[in-house]
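First up is the structure itself, then whatever we jot down about it.
The values are calculated or read from the model by the stated rules, or taken from the named source; none is laboratory data. If you're wondering where the values come from, they're calculated on a predicted model, not measured in any experiment. Every residue, glycine among them, receives a Cβ derived from its backbone with ideal geometry; neighbour counts consider all protein chains shown.
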Amino acid sequence: MILFDGTYRLERREDKSSGTDCNWACSWRLRLFDFSISHPDVKHLRPYAVVASQTGEGIFKTTCVESLGKRICRDFNLEIDEILWIEHYPDEPALYVAMFKPKSYFGNEIFYAIDWRPIRPNELKVIQPYIPEIENFRCT
């Protein structure tokens, strides 16, 4: 059920020919779940969930969900509309869900508008067994 559990980083766009060590734009504690593994006979509207928590490393102090979402989809061969995207900020006792809506296209690349909402009770219930640190979180 857990496809990835670790630190996921986005590199800053710099001159790659410089030969210097990479600087990270942001770093997230990331958990990627595949619900269809434990229930293969059930058709899930969103068979994958990403739970991302900012680590505080890097230059961005806000979400970079569009860049991160695209990169995760590429790296794990997923479609963005198959993912329940959940974020947590360490200084807030709440979880938020991102909704990706295509807003523009440039060639094969899609740019998204991101809307946020509080996590729903059923969404929280499905991820709580795998993320013990959110045990005391409540839906708003």
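Here are the numbers for this structure:
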read-out	value
Residue that is surrounded by the fewest Cβ atoms within 10 Å (Cβ to Cβ), among those in the stretch 103-112 that are in contact with a helix residue (DSSP H, G or I) (Cβ under 9 Å, 6 or more places away or on another chain) and not aromatic (F, W, Y)	E109
Inter-residue pairs, beta-carbon under 6 Å, first in contact (Cβ under 8 Å) with a residue 40 or more places away in the chain and in the stretch 111-129, second surrounded by 14 or more Cβ atoms within 10 Å (Cβ to Cβ) and aromatic (F, W, Y), 6+ apart	Y112/F100
Top-ranked residue of the stretch 57-101 - restricted to ones that are surrounded by 12 or more Cβ atoms within 10 Å (Cβ to Cβ) and acidic (D, E), ranked as modelled with the highest pLDDT	E82
The lone exception for E135 - which of (1) surrounded by 10 or more Cβ atoms within 10 Å (Cβ to Cβ); (2) at pLDDT below 80 it fails	(1)
